[in-house]
Amino acid sequence: MTRVSKKFLAVLLSSAMLAAMTGCSSSATADSNSTSGPAAESAAPAESGDTTAETTAAASGSELSGDLDIWAWGADDEAKAREGAIEIFISEHPELNITYTIIPTADSVWDQKAAAALSSGSAGDVMQMSPDYYGMNTEYYIDLNPYVEADGVNLDDVLVPGVIDGYYDSDGKLEGFPLLANCFVMAYNKDMFDAAGVAYPEDGWTMEDLSDWGQAFATGEGANKTYGLVKHWVMNNVMVYACGGTPYSDDLSTSHMGTPEIVDALTLYKKLIDTGVIPDDTAQKTIPAETLFVSGKSAMYPCGGFETITVTNDADENGINIGFCKMPSDQNGKEINVQYATGWAITTTSKNPDAGWQFLKESAYANDEMAKQTAICGMPSNKKVAESYYADITFKGEGLNNSYYVEHMGNTHLNPFGGTLASTGNIWTTMVEAVLLDNQEPQAVVDQYAPQIEKEFAGYSFNKK
């Protein structure tokens with residue numbers, strides 16, 4: 001076997017949302033955190049302290065040597081993109097002995113293996129991670145600030161705006177580095193809008209607006225029933241913000257899930273379901289969201305950057321005439337768009353952190369060919385490639401290319417219930433189901449479950465020193 005194939009796993013992954021996001025994220029475990037320090041302390045294995053800042057500063061392809069073990073997640077196109085980028089790095093660094101493993105996120109396979117490896121000290125030198133872990137695994141990762149400072153790079157010049165922010169802990173530690181990110185655009189069926197006599201959505205439209213004009217699409221029975229908007233998996237997160245609410249404070253210290261805005265959001269969600277503007281769970285399970293849209297049975301579909309090619313091609317094959325608009329706005333006029341992101345971290349047990357940093361920065365911004373591979377499944381963090389190669393990719397339908405995702409990334413909400421916060425997200429899902437499936441009153445549901453979420457937050461240890 002080759003040095004790569006002996007460790008490579010390619011396992012198929014279902015297309016449903018998985019913990020954080022299909023294609024480009026995963027849920028996490030564990031809690032925080034480590035003390036940051038100079039590169040000599042941060043980058044070295046626990047048992048060794050002889051790495052120096054000078055060594056870090058000098059790290060480059062020609063001066064690297066030794067082994068580098070990389071762990072990533074992915075399946076299907078995502079796995080192909082990850083493998084392609086890593087193979088490019090391997091070909092350009094023959095001085096390194098590189099092995100890599102690609103592990104699926106389905107059924108929590110990644111979560112279980114990564115958590116066990118991190119806690120036992122047997123993880124790879126480089127581990128894939130996501131900023132929506134919210135610092136809960138930071139104790140296992142070195143601080144990358146010394147590497148950035150030693151290289152003298154201005155990250156604003158080389159990274160797409162908005163992709164680096166979530167990787168900083170509250171104390172300024174840079175625990176990870178971006179690889180890619182995805183957000184959403186709203187696709188709509190122009191023919192359905194024309195037939196219903198409804199104007200195309202304009203920037204600033206809200207979910208409350210949809211509850212009004214969306215009823216024009218709630219017609220038919222059985223197999224012929226049509227809707228205004230599919231119940232895509234992102235909709236639960238969109239609805240958190242729909243009535244001007246937020247799930248928690250910016251510093252993650254306080255839950256906001258017991259506020260009147262959350263009650264209003266659940267009330268609106270129920271109205272959208274009850275009036276048939278959005279299909280209920282039974283209908284949605286019978287016909288998947290994407291199929292509902294591309295078959296002409298739903299007027300709108302929130303389309304993630306990771307699925308645009310598939311959705312637009314399928315719609316075109318079925319003769320669906322697509323237009324595109326912004327995602328809905330909240331009551332304060334801010335677009336509700338959700339970011340799902342993927343990055344890399346170097347573990348505290350890494351035996352070759354300098355090689356790890358070389359891989360991270362090439363993945364992020366310093367290797368255009370690697371970024372083009374990444375573009376298969378999302379917007380690469382590499383600003384140059386994102387604003388040219390990636391942005392120029394066009395789709396079936398009226399006037400959409402990937403520049404939309406690049407332009408909107410800086411104003412997104414990071415997946416609110418990713419990583420360890422998935423436990424809070426599970427309670428939010430229970431709240432939604434209590435209202436939509438069990439027909440419980442929104443206020444009563446919030447009164448019952450908000451204290452449970454507050455208890456969850458009291459048990460988190462965000463970046464605790």
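Just in region 159-254: which trypsin sites (Lys or Arg not before Pro) are loop by DSSP and have at most 10 other Cβ atoms within 10 Å? Provide the component values of the computation, followed by the final result.
Numbers: sites: K173, K190, K225, K231; in loops: K173, K225, K231.
Sites meeting the loop and neighbour criteria: none at all.
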Legend entry - Label selected from [x] 69, 48, 39; [y] 69, 51, 46; [z] 197, 111, 37, the criterion being Cα extents along the principal axes in Å as computed here: [x]
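Can you flag which of K113/K231; K285/K455; K297/K326; K190/K383; K113/K270; K326/K455 are past 28 Å Cα-Cα? The partial results should precede the final answer.
Numbers: K113/K231 32 Å; K285/K455 32 Å; K297/K326 21 Å; K190/K383 33 Å; K113/K270 39 Å; K326/K455 36 Å.
Beyond 28 Å: K113/K231; K285/K455; K190/K383; K113/K270; K326/K455.
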Inset, instruction - Report, in whole Å, the centroid distance computed from the Cα atoms of region 330-349 and region 389-446. - result: 11 Å
Inset, instruction - Report the longest stretch of the chain that contains none of the GluC sites (Glu not before Pro) sitting in a DSSP loop with at most 14 other Cβ atoms within 10 Å. - result: 222-397
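Summarise the accessible area of the chain (1.4 Å probe, protein heavy atoms) by the percent that is carbon and sulfur.
C and S fraction of accessible area: 47 percent.
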Legend entry - Inter-probe distance in nm under a simple model that places probes 7 Å from Cα toward Cβ, at Q331 and D447: 2.0 nm
Inset, instruction - Hand me the chymotrypsin sites (Phe, Trp or Tyr not before Pro) from region 97-163 located in a DSSP loop with no more than 14 other Cβ atoms within 10 Å, in residue order please. - result: none
Legend entry - Charged-residue dipole, Cβ positions (Lys, Arg, Asp, Glu), the chain about Cα centre, Debye nearest 20: 800 debye
Legend entry - Accessible area expressed per residue, region 381-454, with surrounding protein chains retained (probe 1.4 Å, Å²): 43 Å²
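Work out how much length D209 to N318 would gain on full extension: take 0.36 nm times their residue separation and subtract the Cα-Cα distance, in nm to one decimal.
Details: separation 109, 0.36 × 109 = 39.24 nm, distance 2.83 nm.
Between D209 and N318, full extension yields an extra 36.4 nm.
Can you give me the accessible area per residue for region 184-329, using a 1.4 Å probe, in Å²? Before the final figure, lay out each step's value.
Details: 5500 Å² over 146 residues.
I get 38 Å² per residue for region 184-329.
Ranked from the most accessible area to the least, with a 1.4 Å probe and all protein chains present, what is the order of I309, I98, I88? Numbers along the way, then the final one.
Working: I309 90, I98 0, I88 35 Å².
In descending accessible area the options line up as I309, I88, I98.
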Legend entry - Simple label model, 7 Å out from Cα along Cβ direction - K80 to D438, nm: 4.4 nm
Legend entry - Extreme residue, positive dipole direction of the chain, given options Q452, V230, P442 (C-beta unit charges): V230
Inset, instruction - Report P(r) for region 181-271: all Cα-Cα distances, bin width 5 Å, range 0 to the bin holding the largest distance, values in whole percent. - result: 3, 11, 19, 21, 18, 14, 7, 4, 2, 1
Inset, instruction - Search the structure for amide H atoms under 5 Å from the amide H of L179, placed 1.01 Å from N in the peptide plane, and list their residues when 5 or more places away or on another chain. - result: T342, G343, W344
Inset, instruction - State the extension gain, in nm to one decimal, for the chain segment bounded by N154 and T394, taking 0.36 nm per residue of separation less the distance between their alpha-carbons. - result: 83.4 nm
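Multiplying the sequence separation of E92 and S403 by 0.36 nm and subtracting their Cα-Cα distance, what value in nm do you get?
Numbers: separation 311, 0.36 × 311 = 111.96 nm, distance 2.94 nm.
So the extension gain works out to 109.0 nm.
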Inset, instruction - Mind giving me the nanometre distance, one decimal, between the label points for T275 and S122, set 7 Å out from Cα along Cα→Cβ? - result: 5.6 nm
Legend entry - Residue-by-residue Karplus 3J(HN,Hα) for region 125-133, coefficients 6.51, -1.76, 1.60, Hz, glycine and proline x: 5, 10, 10, 5, 7, 9, x, 7, 6
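Of all DSSP beta bridges in the chain, what percent run antiparallel (nearest 5)?
On the way: 26 of 40 bridges.
Rounded to the nearest five, the antiparallel share is 65 percent.
The values are calculated or read from the model by the stated rules, or taken from the named source; none is laboratory data. What you are looking at is a predicted structure, and each value in this text was computed from that prediction instead of being measured. Glycine also receives a Cβ, built like all others from the backbone with ideal geometry; neighbour counts cover every protein chain displayed. Keep in mind that these areas ignore ligands, DNA and RNA; they rest on the heavy atoms of the full protein, side chains included. Shrake-Rupley method; radii C 1.70, N 1.55, O 1.52, S 1.80 Å.
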